[in-house]
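Report on the structure given below.
The values are calculated or read from the model by the stated rules, or taken from the named source; none is laboratory data. These numbers were taken from a predicted model, which means no experiment stands behind them. A quick note on method: Cβ atoms are made from the backbone with ideal geometry, for glycine too, and the neighbour counts reach across all protein chains shown.
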Amino acid sequence: MHINKWMLGTLSVGAMAAVLSACATSTPSPEATQAVTAAPQVTEAPTAAPTEVPTEAPTAAPTPVAAIPDGAVAFKGKLMVCSDLPYPPLEFYDENGNPTGSDIEIAMEIGNRLGLEVRIVNSVFDTIIAAVNSGKCDIIVSDQNITTDRQKQVSMIKYFSAGQSMVAAKGNPSKINTPTDLCGLSAAAESGTTEADYLNATGDYAGAGLPAECTKAGKPPVTVVVTQKDTDALLQLQSGKVAVYFADTPVAAYYTVQHPDQFELVGQVIDPADVGISVPCGKEDCTGAPLSPLGEVIKAALTSMINDGAYGKILDKWNLSSGAVTAP
């Protein structure tokens, strides 16, 4: 995630919202409805294990594209996938309470091509890497930007690219047009995200990020509200407690399309970042480590999806083709 400048000559936030309007329905998803009606709750991360969400078993591929090495997955015949729901349109629950979205469909197709039944494990994003490294799941497919800090903890296989955007109340009352317009104001983001790192000068933004930009501009720092779930960050904006909600562009645009009378995207789309599927590397420091045997077969399945067009069809369905990659 590069947030040192606002993109010019690229996809505007208005265009992004228009693109995503095709996947928005007249009736918001259960999560979107909850996000703008329930009282905000900011709590400490739970210590309980992530919740496993059953999904329909895919039809196994006639011939798996790669053989699963013995002991590579926690449960024989299954692929346990950690994902932080809801984060629409990438991962959320449909009207029947089943996991859906572009990330979920990509994970399901990877499992299908490996002859594995996919099980979605709903996880807290801030502890999702700890979950995969402790064996609660085999891989992470949860719109994780590839960062230096994360690559020290897991191996990451590139599969998507997404910008980041800020959402303000309808009418943009605080007149947010650039990042430094936030200086002296307040913003909400989900814990563990690159957005939270940028706002707090943590992770890859240690000593930099928005705090450094505010100091350079001679402005007061931004007040940051970090929440456990992304929907809680949106609630902070909906309840008027912050000036903006900060998230990846597909998600930010989704909510503005679902609730055009309440929210609007502000400024320009911030530079896109590569997004990765995370796999344990088996070492204390994954920097420079080769992919594990499981990582290699995940990469092989994703490569086959890209090559035969299945990957592109999934992104087209969710109107996210602008974030497609040509190779893992």
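Only one residue in Val325, Val257 is β-branched (Val, Ile, Thr), touching a helix residue (DSSP H, G or I) at 6+ places or on another chain (Cβ under 9 Å) and either free of Cβ contacts under 8 Å to residues at least 60 places away in the same chain or not in a helix (DSSP H, G or I) (or both). Which one?
It is Val325.
Please enumerate the residues belonging to the stretch 217-248 that are surrounded by fewer than 19 Cβ atoms within 10 Å (Cβ to Cβ) and charged (D, E, K, R).
Those that are surrounded by fewer than 19 Cβ atoms within 10 Å (Cβ to Cβ) and charged (D, E, K, R): Lys219, Lys241.
Find the residue count for the stretch 151-176, including only residues that are within 17 Å of Gly209 (Cα to Cα) and not aliphatic (A, V, I, L, M).
So the count comes out to 3.
Pull out all pairs, ordered by first then second residue, where Cβ-Cβ is under 8 Å, the residues are six or more apart or on different chains, the first lies in the stretch 305-321 and is farther than 23 Å from Ala66 by Cα, and the second is assigned to a helix (DSSP H, G or I) and among the small types (Gly, Ala, Ser).
Short answer, once both residue conditions are applied: Leu315/Ser102; Leu315/Ser321; Leu315/Gly323; Lys317/Ser102; Trp318/Ser102; Asn319/Ala22; Leu320/Ser102; Ser321/Gly312.
Yes or no, residue by residue, for (1) crowded, with 23+ Cβ neighbours inside 10 Å; (2) touching a strand residue (DSSP E or B) at 6+ places or on another chain (Cβ under 9 Å); (3) modelled with pLDDT under 95:
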| position | (1), (2), (3) |
| --- | --- |
| Thr178 | no, yes, yes |
| Cys183 | no, no, no |
| Ala187 | yes, yes, no |
| Glu190 | yes, yes, no |
| Gly203 | no, no, yes |
| Ala206 | no, no, yes |
| Thr215 | no, no, no |
